[in-house]
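Here the structure comes first, spelled out in structure tokens, and everything after it is commentary.
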Amino acid sequence: MAERERGPHPTLRIKGTKSHSLWGKKIVLGVTGSIAAVKTVELARDLIRHGADVYGVMSEAATEIIHSYTLHYATGHEVITKLMGNIEHVEFLGMEGTADLFIIAPCTANTLNKIATGVSDTPVTAFATTAFGSGIPVIIVPAMHESIYKSPVLIENLEKLRRLGVIVLGPRIEEGLAKIAELDEIILTVEHVLSPKRLEGKRILITSGPTIEPIDPIRIITSRSSGRTGIELAKAAYRQGAEVTLVHSKELNVTGIKELRVETAREMIEVSLDELRTGYDALISAAAISDFTVNPSEVKLSSVGDLQLQLIPTRKLIAEVRDEFPELVIVGFKAETNVSKDELIRRARQKMETYNLHMVVANDVGKGGIGRAENEVYILRKGTEEIKHVNGPKTILAEEIVNELMHLFRS
């Protein structure tokens, strides 16, 4: 009986299900003998969900943490645990290698020190040495005990690797451990390294999320904004090589994205203006800045009886920015509730003309979007009558908005 022909590995069915940001990219994933190796399956599969082809290479110590079959399942490809006659390290990472990136996650202190001193006695270290020689990008994601991470020898070798162009990501210091970086941060860094960097050299400031106006020490006025759109915009711009500053009230803590934390509308406006004065190419005003504030009480107001608040209009960020920076590229947002598409677009165009905006993103929050992971928007760009309609996850919306921004810079 003839042997049944094998189809693609079942794992590869998830390829590109999250995005195509890594489509067509071949990534070699090195795994070393840290307990954090248990996270490698999740990392490999998420790289695949963003479109990458992932090939695993393991040190002998790593195989004592997870079996090579586990990484084979995670990647859909045979795992390299020893160098054979195919000289796999040269095939993938040599001068004419087929891989686009080598990432070691997790990377132990032992492996890190060996790489820094040119020792190539494991498959992982041999792959690293080969990548250095061919100029293929290398990312190292350390994981070890905090006391080991603070070793002067290790610190010196980390600096040496950075000087050689290695990207060192993390670690997170928690519970006496230098833990592996968060999965989302690793993926974002890989996307940044492998992107065409169409916004390289551009400085972009993004405002995001709600502002918080205190009524008293306990109570506040705010909005339902989650800040997801602003955060995804910051990530999308960073992927494309921009220098990104995010002004918001949350805490993202992503390597490569500068954060300025604010609470009130006044703080957001003043901090944004001060930052823009240092020299920026664009402002994306995605924050739901409060239209009103109050004179707050210094003590908790009584909960007994009626309470009347005098709402005081806040300043308008876009108006002040346009007045001070007449040539700055500005992207504004226009949110309305329960209006027709034609009326929504009319109001968006009116805002574009009033403030001389280069782009406006309009949506009807009465139909959803605010505080949710998905949204439906219409993107209007200066210089064209074309209106782009986007409906889906805010990651996709952010990518489309940044793509339109790139058109503005090219025009």
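Residues in the stretch 379-403 that are surrounded by 16 or more Cβ atoms within 10 Å (Cβ to Cβ) and within 18 Å of the chain's Cα centre (by Cα): Pro393, Lys394, Thr395, Ile396, Leu397, Ala398, Glu399, Glu400, Ile401, Val402. Within the stretch 195-211, is even one residue in contact (Cβ under 8 Å) with a residue 24 or more places away in the chain, closer than 30 Å to Gly366 by Cβ and over 25 Å from the mean Cα position of the chain (by Cα)? No: zero hits.
Of the candidates Ile187, Ile155, Ile140, Ile148, the single residue that is assigned to a helix (DSSP H, G or I), buried (at least 20 other Cβ atoms within 10 Å of the Cβ) and at negative phi is Ile187.
Residues are listed down the side, and each one gets a yes or a no for (1) out of contact with any His (no Cβ under 9 Å at 6 or more places or on another chain); (2) outside the structural domain of Pro171 (by TED's automatic domain parsing); (3) within 29 Å of Lys235 (Cα to Cα):
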site: His9; (1), (2), (3): no, yes, no
site: Gly24; (1), (2), (3): yes, no, yes
site: Gly33; (1), (2), (3): yes, no, no
site: Lys39; (1), (2), (3): yes, no, yes
site: Arg49; (1), (2), (3): yes, no, yes
site: Gly56; (1), (2), (3): no, no, yes
site: Glu91; (1), (2), (3): yes, no, no
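Here the strands (runs of 3 or more DSSP E) wholly within the stretch 203-282 that include at least 2 residues being farther than 20 Å from Asp323 by Cβ and in contact with a Ser or Thr (Cβ under 7 Å, 6 or more places away or on another chain) are 243-248, 257-261.
State whether the residues of the stretch 368-375 include one that is part of a strand (DSSP E or B) and assigned by TED's automatic domain parsing to the domain that holds Val331. Within the stretch 368-375 (the criterion being part of a strand (DSSP E or B) and assigned by TED's automatic domain parsing to the domain that holds Val331), the answer is yes, since at least one residue qualifies.
Can you confirm whether the stretch 46-60 contains a residue that is more than 20 Å from Ser120 (Cα to Cα), of a type in the set (Gly, Ala, Ser) and in contact with a strand residue (DSSP E or B) (Cβ under 7 Å, 6 or more places away or on another chain)? Yes: one or more hits.
Does Thr111 satisfy the criteria of being surrounded by fewer than 22 Cβ atoms within 10 Å (Cβ to Cβ), in contact with a Gly (Cβ under 9 Å, 6 or more places away or on another chain), of a type in the set (S, T, N, Q) and not in a loop (DSSP other than H, G, I, E, B)? Criteria not met by Thr111.
Selection of the stretch 19-59 for residues being assigned to a loop (DSSP other than H, G, I, E, B) and either within 17 Å of Val141 (Cβ to Cβ) or touching a residue at least 40 places away in the same chain (Cβ under 8 Å) (or both) yields Ser19, Ser21, Leu22, Lys25, Thr32, Gly33, Ser34, His50, Ala52, Ser59. Within the stretch 63-71, can one find any residue that is within 18 Å of Lys26 (Cα to Cα), at pLDDT 95 or above, more than 23 Å from the chain's Cα centre (by Cα) and in a helix (DSSP H, G or I)? Within the stretch 63-71, one or more residues are within 18 Å of Lys26 (Cα to Cα), at pLDDT 95 or above, more than 23 Å from the chain's Cα centre (by Cα) and in a helix (DSSP H, G or I).
Of the residues making up the stretch 206-234, those that are within 30 Å of Pro137 (Cβ to Cβ) and out of contact with any helix residue (DSSP H, G or I) (no Cβ under 6 Å at 6 or more places or on another chain) are Gly230, Ile231, Ala234.
Considering only residues in the stretch 301-324 that are hydrophobic (A, V, I, L, M, F, W, C) and out of contact with any helix residue (DSSP H, G or I) (no Cβ under 6 Å at 6 or more places or on another chain), the one that is surrounded by the fewest Cβ atoms within 10 Å (Cβ to Cβ) turns out to be Val304. The one condition from (1) assigned by TED's automatic domain parsing to the domain that holds Ile318; (2) free of Cβ contacts under 8 Å to residues at least 24 places away in the same chain that Leu233 does not meet is (2). Of all residues in the stretch 259-300, those satisfying the criterion of being touching a residue at least 60 places away in the same chain (Cβ under 8 Å), of a type in the set (Gly, Ala, Ser), buried (at least 19 other Cβ atoms within 10 Å of the Cβ) and out of contact with any Phe, Trp or Tyr (no Cβ under 7 Å at 6 or more places or on another chain) are Ser272, Ala282, Ala287, Ala288, Ser290. Within the bounds of the stretch 121-134, is there any residue that is in a loop (DSSP other than H, G, I, E, B) and small (Gly, Ala, Ser)? Checking the stretch 121-134: not a single residue is in a loop (DSSP other than H, G, I, E, B) and small (Gly, Ala, Ser).
Any chance you could count how many residues in the stretch 75-87 are farther than 21 Å from Thr108 by Cα and either among the basic types (Lys, Arg) or assigned to a helix (DSSP H, G or I) (or both)?
Count: 1.
Residues of the stretch 169-178 that are buried (at least 21 other Cβ atoms within 10 Å of the Cβ) and either at pLDDT 95 or above or not small (Gly, Ala, Ser) (or both): Leu169 alone.
The values are calculated or read from the model by the stated rules, or taken from the named source; none is laboratory data. Note that the structure is predicted; figures quoted are calculated from it, not measured. Please note: Cβ atoms are built from the backbone with ideal geometry, for glycine as well, and neighbour counts cover all protein chains shown.
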